[in-house]
Structures are given as structure tokens and as C-alpha cells.
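What follows is a short report on a single structure.
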């Protein structure tokens, strides 16, 4: 009887552990909220290098930062997160205002043949100014990235 109880308890604990790990693995690999939480953390830490390297679409970075802005990282980040006195290094709060992100096929922009979604974001700056903006979230079908941030052209 003791062995049967031990086997049942062990089986129950193992199934709970597997179910929990399975959910975390699926959530970490499939849910854009994990990506956006990391993006938000990098922005609030004012880590421009991390934002550019890990979160901004390589083609967008190449076209805008390296091409149009001649490598001016500060201007790139300031323009991505608001113009004028609202600078990237003065962001004190960042809230995504999207409950659900619906990806749609995209054939334009810097990443053709991927899925794209728009996610409104509310930025609060040190001077108390709040700006609502939109980030374009890209979901890749393959490659070494799952999600990335794209931006407007011009």
C-alpha cells in the first residue's frame, strides 16, 4: 500500500511539474508579451545599445539609423520614441495599451513576408508629458528571431 501511494504521489508531482514547464516553454516561445516585457525593460533602463541590438528590426536599423541618420543613435532613439524635447533617455514609464495583438500578413516595410501587428504604447517622460504612440511588432516565421520592432519610414 505504501508503494502504491508513493507511486501515485510521484506520478502526480511529475505531471504537475511537466505541465507547468510545458506552459512556461510555450509562453516563452509563443507569446509576444514576453518579448514586449523585455523591450519595455530595456527602454526603461535607457539601454539604447540593447534596444537596437536585440529589439529593433535589423533592416529598419540599417535603413534608418545607418542610412538616413548616418549612425546617429541618439536621434534614432529620440525619433522612435517621440520628437522634440521628449527624449529616449527621459522616458520614466512605458505601458502597452494592447490587450491582444492580432498579427496580419505583411508584404511591405523592412521585413517582407512576415506577420505584423500594431501595438499602441503610452510613454511618460520625466517632465510629466505623456505621448501615445504605436510600435510595429513583427513576427518572423523562421530565423534566429521570433519578434522584432519595426518603425515608420521617412
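Quick notes on this one:
- Listed from fewest to most Cβ neighbours within 10 Å, the set 60, 140 follows the order 140, 60.
- Over the stretch 30-150, relative contact order from alpha-carbon pairs under 8 Å, at least 6 apart, %: 22
- The stretch 30-150: C-alpha gyration tensor shape, a/c 1.5 cut-off, then a/b vs b/c: oblate
- Taken along the Cα-to-beta-carbon direction at a fixed 7 Å, the label points for residue 50 and residue 89 span 1.7 nm.
We did not get these values from a lab; they are worked out from the coordinates using the rules stated. Model, not experiment: these values are computed from the prediction. No Cβ is skipped: glycine too gets one built from the backbone with ideal geometry, and neighbour counts run over all protein chains shown.
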